[in-house]
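Taking it in order: structure first as structure tokens, then the write-up.
Coordinate-derived values only; no laboratory data. Predicted model only: the values in this text are computed from it and were never measured. Backbone-built Cβ (ideal geometry, glycine too); neighbour counts: all protein chains shown.
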Amino acid sequence: MRRALWSSIVFTALLAGCSVGTIDAADYRQDCVVDEDCVAIAPGEACAPCRCESAAIHVDDFDAFRADLDAQVCLDPLLPFAPDCLCAGGVAVCDAGRCVVELLP
């Protein structure tokens with residue numbers, strides 16, 4: 001009984017220290033004047049084994065994006081390898097004053 005209680009306490013403490021979240025480009029600046037203002041990011045589930053650069057944010061917010069991503073605590077996947085990620089190629093551009101990812105042909 002004591003071992004089960006201790007295991008429950010440790011498990012709860014581990015869960016409390018884990019944060020798994022979703023990264024959303026809308027949480028960062030997306031305004032721009034020129035293409036160089038923009039940088040591509042991979043939004044979505046922070047701990048997903050396969051993440052593709054499908055959104056863009058202002059380059060001045062990239063450090064904040066990286067800090068938010070680095071703050072996530074991800075449990076290792078049960079698989080011994082990550083799946084092959086088939087991401088469409090794209091580039092961050094400024095389109096009508098907003099950073100977006102433009103897919104390459």
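List of remarks:
- Environment charge of Ala64, counting only residues whose C-beta is closer than 10 Å and scoring Lys/Arg +1, Asp/Glu -1: -3
- Taking other C-beta atoms within 10 Å as the exposure proxy, Val34, Val91 rank Val34, Val91 from fewest upward.
- Each Lys or Arg adds one and each Asp or Glu subtracts one; over the other residues with Cβ under 11 Å from the Cβ of Gly89, this totals -2.
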